[in-house]
Amino acid sequence: MEARELGRFGEKEAVKYLRRHGYRIVETNYSCRVGEVDVIARKGRYLAFVEVKLRKSAEFASAREFVTRSKQQRILLTAALYLAQNETDLQPRFDVIEIYAPQGEKGKLTIHHIEDAFS
């Protein structure tokens, strides 16, 4: 499976996970001139901007470690533009969903949701 297809698969699995945990999906793959946010979802008083990272394993490094400072900055700028265009009273939050798929789409997935991951 190609990297792009695997990434889309991971995003779909993250959306399913978020829905199962009471989130309402606002947008997926929101992009603008400065970057992209994989998933925007709301729950309670939060509007979560979610970065999804899928890896086969954490042997080399955990998936969250691939959300570098520069990637975080692009997500923050993208979220700021989104919020400027979509007024809300919800508190923005930046989450990361790690998905480990040792056998790709065919095997068992392990999902970790890190809320407020940029703090």
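Here, each number is a calculation from the coordinates, and none is a lab measurement. Owing to the predicted nature of the structure, the values given are computational and were not obtained by experimental measurement. No Cβ is skipped: glycine too gets one built from the backbone with ideal geometry, and neighbour counts run over all protein chains shown.
What value in Å³ per residue do you get for the convex hull of the alpha-carbon atoms in the chain? Mind showing how you got there, number by number?
Numbers: hull volume 12.1 nm³, N = 119.
Spelled out: Cα convex hull of the chain, divided by residues, is 102 Å³.
As I understand it, the dipole of the range 3-114 uses +1 on the Cβ of Lys and Arg and -1 on the Cβ of Asp and Glu, about the Cα centre. Which of V37, T88, V26 lies farthest toward its positive end?
The listed residue farthest towards the positive side: V26.
Tell me the angle of helix 69-85 to the major Cα principal axis of the chain, expressed in degrees between 0 and 90 and rounded to the nearest ten.
The helix 69-85 is inclined about 40 degrees to the chain.
Helix-derived [θ] at 222 nm for the chain: sum -39500 (n - 2.57) over DSSP H runs of at least 4, divide by residue count, nearest 500? Numbers along the way, then the final one.
Working: 2 runs with 35 residues, N = 119.
Helix-only estimate at 222 nm: -10000 deg cm²/dmol.
Which whole-number percentage describes the relative contact order of the range 3-114, with Cα contacts under 8 Å and a sequence gap of 6 or more? Each step should come with its number before you reach the end.
Numbers: 181 pairs, mean separation 29.1, N = 112.
Rounded, it is 26 percent for the range 3-114.
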